[in-house]
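Here is the structure we will look at.
The values are calculated or read from the model by the stated rules, or taken from the named source; none is laboratory data. Keep in mind that what you see is a predicted model, and the values were worked out from it rather than measured. Positions of Cβ are backbone-derived with ideal geometry, glycine not excepted, and every protein chain shown enters the neighbour counts. In case anyone asks, the SASA skips ligands and DNA or RNA and just uses the protein heavy atoms, side chains included. Shrake-Rupley method; radii C 1.70, N 1.55, O 1.52, S 1.80 Å.
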Amino acid sequence: MLLRKVLLRGASASRLLISNKSPPASLLPLASGCTRFFSSSSQSEGPNDGFVAGQEGGDEQPPATITVDRSGLYHPPDHSHEPTTESELVKHLKGIIKFRGGPISVAEYMEEVLTNPKFGFYINRDVFGAEGDFITSPEVSQMFGEMIGVWVMCLWEQMGQPKKVNLVELGPGRGTLMADLLRGTAKFKSFTDSMHIHMVECSPVLQKLQHQNLKCEKVGNADENGEKSSVTSITGSPVTWYSSLEQVPSGSPTIILAHEFYDALPIHQFQRSSRGWSEKMVDVGEDSKLRFVLSPQPTPATLYLMKRCKWATEKEVESLKQIEICPKAIDLTHTIAQRISSDGGGALIIDYGLNGVISDSLQAIRKHKFVSILDDPGSADLSAYVDFPSLKHTAEEASGIPAFCYSRVKLVISEGEAPFWEGPDELAPVGMGTRYLAMAIVNKKQGAPVPFQ
């Protein structure tokens, strides 16, 4: 009898928890957000959808269901594989502006966007060719690199055919130009034997591509860093990589090539205002988006602006509402001129530019189309026209060596408007055929190089 009473009490308690009646409040959990049990007015749709009560005294009990109230539980948001609206580079740029307590120059913005060690446009990807963001002349035709090779050979002969020459390329891209140059001159053994190739490249990804395209092989004993020397199988010439021109060994005659390198150097922009020339800066607006503002006070780059205005005519400056200057281009040209003056040799600079003061040429290109300068930084190439007169003045003032420039390059280009332009016709940028210029800087002992006579 005692056992029967215990079983009956247990069955009664079970029916309480699963019956269609609400349980006493004392049985509900007290902690907020915990699971609650309550009855459901809906019927089970299958034999296993609910619990069936046992029988007492032979009487069949009605079926009952149990459900869980999850209204008090935390529901995390669905995970998304879509990129966040704000990239890491944008966060980094905003962090710099916040740390500085004010806006940064366009030059600083441009430098971070293109060459930031982690997020820079050039650092972690191959941006060239049809599958990239833009196409350069060497990628269009091998004739371009071959003709540059002819120029280098002619200069080498003017130099007296030295036994050792440092052939330096700044910003070699995929290495296509240098590979075509070497293939085109491979049969001239005395020339190729004298060449020691130095590639100035900051992108690890592009360094690997250059190594592949030059068909380099590791030879000799490893250095203190465990690295072996590289030799291109195209001509057998040694190849070395550096992150800056200053790292390239001096003391030997040097030929420097800079094809579409200067246009990626960071520029400063100045705009005429009621206070005179005010530098254009990048700031964070009230809507947390990047925006352009004008500096209320003179900036360090104003010194370069004064120098550039000194080289221009008064009439030329008065007609402008904006001016672009590139201190890094001026400093680099100064370094090149001094090296050529001391070691001998020459330099060939080919790029988009003007024979005059540059007003407003900064542009962004993504997947072969123009986009806004501040749109998704790090996803588009930034470039600006090269101020060739400032390079010429710099070279001649640095060491008194001659600079020859403004010959138009028309080998693989044509006249007309720039491709991929989708804006108004009257605002379409001018095409390569009218803005693609070349300048040579040579040691005064060698005379004017071909074809600048």
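For this structure, a couple of remarks:
- Qualifying residue in the stretch 180-187 (condition: open to solvent by 30 Å² or more (accessible area, probe 1.4 Å), at pLDDT 95 or above, outside any loop (DSSP other than H, G, I, E, B) and not hydroxyl-bearing (Ser, Thr, Tyr)): yes
- Count of residues meeting criterion [farther than 18 Å from residue 178 by Cα and either open to solvent by 20 Å² or more (accessible area, probe 1.4 Å) or of a type in the set (D, E, K, R) (or both)] in the stretch 253-271: 6
- Any hit, the stretch 190-198, residues being touching a strand residue (DSSP E or B) at 6+ places or on another chain (Cβ under 6 Å) and modelled with pLDDT under 95: no
- When residues of the stretch 156-177 are limited to those that are farther than 20 Å from residue 250 by Cβ and in contact with a Pro (Cβ under 6 Å, 6 or more places away or on another chain), the one surrounded by the most Cβ atoms within 10 Å (Cβ to Cβ): 177
- Every residue from the stretch 282-293 that is among the aliphatic types (A, V, I, L, M) and open to solvent by 20 Å² or more (accessible area, probe 1.4 Å): 284, 290, 293
- Among residues of the stretch 273-287 that are touching a residue at least 60 places away in the same chain (Cβ under 8 Å), those with a Cβ under 7 angstrom from a residue that is open to solvent by less than 30 Å² (accessible area, probe 1.4 Å) and small (Gly, Ala, Ser), sequence gap 6+ or separate chain, pair up as 279/105; 279/295; 279/301; 281/105; 281/295.
- Enumeration of residues in the stretch 135-155 that are among the β-branched types (Val, Ile, Thr) and open to solvent by less than 60 Å² (accessible area, probe 1.4 Å): 136, 148, 152
- In the stretch 147-165, the residues that are free of Cβ contacts under 8 Å to residues at least 40 places away in the same chain reach residues that are open to solvent by less than 70 Å² (accessible area, probe 1.4 Å) with C-beta atoms within less than 7 angstrom, at least six apart or across chains, in these pairs: 149/181; 149/184; 149/185; 153/185; 153/191; 163/194.
- Remark: pairs (first residue in the stretch 192-214, farther than 24 Å from residue 154 by Cβ; second residue in a strand (DSSP E or B); Cβ separation under 7 Å; 6+ apart in sequence or on different chains) = 201/241; 207/241; 210/199; 211/230.
- Residue within the stretch 199-206 that is among the β-branched types (Val, Ile, Thr), open to solvent by 10 Å² or more (accessible area, probe 1.4 Å), farther than 30 Å from residue 295 by Cβ and in contact with a Lys or Arg (Cβ under 9 Å, 6 or more places away or on another chain) present: yes
- Those residues of the stretch 340-361 which are touching a strand residue (DSSP E or B) at 6+ places or on another chain (Cβ under 7 Å), open to solvent by less than 30 Å² (accessible area, probe 1.4 Å) and assigned to a loop (DSSP other than H, G, I, E, B), in sequence order: 357, 361
- Only listed residue being over 28 Å from residue 141 (Cβ atoms) and modelled with pLDDT under 95, chosen from 407, 359, 390, 414: 359
- Every test in (1) over 15 Å from the mean Cα position of the chain (by Cα); (2) in a strand (DSSP E or B); (3) of a type outside the set (Ser, Thr, Tyr); (4) surrounded by fewer than 20 Cβ atoms within 10 Å (Cβ to Cβ) is passed by residue 365 save one, and that test is (1).
- Residue that is most open to solvent (accessible area, probe 1.4 Å), among those in the stretch 207-220 that are outside any loop (DSSP other than H, G, I, E, B) and modelled with pLDDT under 90: 218
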